[in-house]
Structures are given as C-alpha cells and as structure tokens.
Amino acid sequence: MKRLLYILLLSASAVSGQVKDKDSIQLRIDLSLTGFWQGGNVETLIFRAAHKIDYQFAKNVKFRSQNSYVLQEFGRSKADEDILSLNFLNINTHKRLSPLALAFFSTNYRRQIDYRYILGGGMSYEVLKKKKHKINMSLTGEFEHTEFQTTDFKIDDYDGFTAINTWRSTLWFQGEHHLFSNKMILKHEFYFQPSLQECDNFRWRGDISLEFPVWDFLNFKMNYYRTYESVVVAPQLQEDEFLTFGFTIKNYK
C-alpha cells in the first residue's frame, strides 16, 4: 500500500508539472484519488485510485488505458483489494463508426479471483461529439479466462471448477458533459457483459462521477461506482457499490 501511494504521488507530480491545453496535447493523463476514512470506535478505510491515459499515436489511431485500484479495510482487516486495467486501441478515430481492439486484466480479493483476462474487439460509434458534450457507444466480442481460489460458487452449476472460460459480448455506453459554463463535469460509463454460452453468466458495471474544477489542472470529485456479477464464490453477494470523494489531477486544461 505504501509503495502504491508513492507511485501515485510521483504520477501526480508528473501530471501537474506539464499542464497544457486539451486540444493541443498528444498525451492526456488523469489521476483520481478518492476515498473515505473513519477512526475511533469504528475504523473504516475506503480508497480508490483511478488512472486514465489517452495517447494519440497518429491522426487516426488512439490508445486508451483506464486503470483503477480499490482498497477497503474495516477494523484493520482487509475486505477488498482489487485491480482493474482496461486497455483499448481505436482505429480510424476521425470517423463516427470505427473499429477497436481491447485487452483487460483484473483481480478481486473478496471474490477470490486470482486473475482474469479478456481479449477481443468490436466497433465504436460516436453518438454525440461536441465541444462540451460527448456520448459514445460500443459493441464488442471477447474471450474471457478467470482463475478462482475456490471451487464453491453461488450458482451450483459452476462448482468443481477453479477456472472458467467463456465467450462474451459487451455493450458499452460512455459520456462526458461540461455543464454550467464548465463549473461542473458529469462523466458516466456503463457496460453490460453477458456470456454467449451460459445465460446465467453475466455482469454489469456503472460508474458515475461529478467533478468541480478548482484550478486548471485540479478538480474536486465525487464518484459512485456499482458492480454486479452473477457468478461469484459462495457466500459472497453478487452486487457491490462505492461512494467516494477526492480529487482529480490532469495534465491539460
């Protein structure tokens, strides 16, 4: 945890040290640190770090990497420690309809997922692209491999397996809106990811945030994050949600 915080602080220094205009920069970096802490009779810690990188290789090729780390502790006992890395390569980005490739990696402490990787591709469509409002939808297909630490699942049909492989399809919906003369920024991301082989194997995730600019490179952030996964180890719940508060540092205005 201390090593991670040190890396994040170094990233924050690098981001804030090279602020540029959004339309003139080839590499865009956002670093968000949000959380909640309570001490005294009940000790609670919720911490979430999210890091987004947009790199324009060429006029028509863009790479995006969205990475997050979540830690939860109650009474100094770890409840969650999760890593999620979403990586996209978009081609022909000057067109409203464009192909993309993706590669994901994740871990989940409480759900006893050692690791999960997803590889695939599909098409992305720009529903709305204006200076202050952007909405994007994507439809992709993927192969998924998940390694669990147990063979006991909430859905009995999956009992006895430590590894689960499946083909999936994912519907994405993303948006960003600059409101009230850029005094508030609304960002939202939602995806639904069913298996193409088993109807009882699906998941969805919703991520909504409000940001309020403090300086050119610093925003105050409120973030609500909710996930659902049907295939979980027993006796874990299938749904989780987080509400956190913090800041976003970026290298563009």
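The values are calculated or read from the model by the stated rules, or taken from the named source; none is laboratory data. Values in this document were obtained by computation on a predicted structure and should not be read as measured data. With ideal geometry, Cβ positions are generated from the backbone for all residues, glycine too; neighbour counts draw on all protein chains shown.
Would the stretch 136-151 turn up any residue that is among the β-branched types (Val, Ile, Thr), within 15 Å of VAL232 (Cβ to Cβ), exposed (fewer than 14 other Cβ atoms within 10 Å of the Cβ) and in contact with a helix residue (DSSP H, G or I) (Cβ under 9 Å, 6 or more places away or on another chain)? Yes, because at least one residue in the stretch 136-151 is among the β-branched types (Val, Ile, Thr), within 15 Å of VAL232 (Cβ to Cβ), exposed (fewer than 14 other Cβ atoms within 10 Å of the Cβ) and in contact with a helix residue (DSSP H, G or I) (Cβ under 9 Å, 6 or more places away or on another chain).
Considering only residues that are under 21 Å from SER106 (Cβ atoms) and assigned to a strand (DSSP E or B), which ones fall in the stretch 214-242? Selection gives ASN223, TYR224, TYR225, ARG226, THR227, TYR228, GLU229, VAL233, GLU239, ASP240, GLU241, PHE242. For the stretch 28-52, filtered to residues that are part of a strand (DSSP E or B) and surrounded by fewer than 17 Cβ atoms within 10 Å (Cβ to Cβ), the residue that is modelled with the highest pLDDT is THR44. Looking across the stretch 235-246 at every residue that is closer than 14 Å to PHE36 by Cβ and not charged (D, E, K, R), the one that is surrounded by the most Cβ atoms within 10 Å (Cβ to Cβ) is identified as THR244.
So how many residues does the stretch 94-111 have that are more than 16 Å from the chain's Cα centre (by Cα) and surrounded by 16 or more Cβ atoms within 10 Å (Cβ to Cβ)? Residues meeting the conditions: 5.
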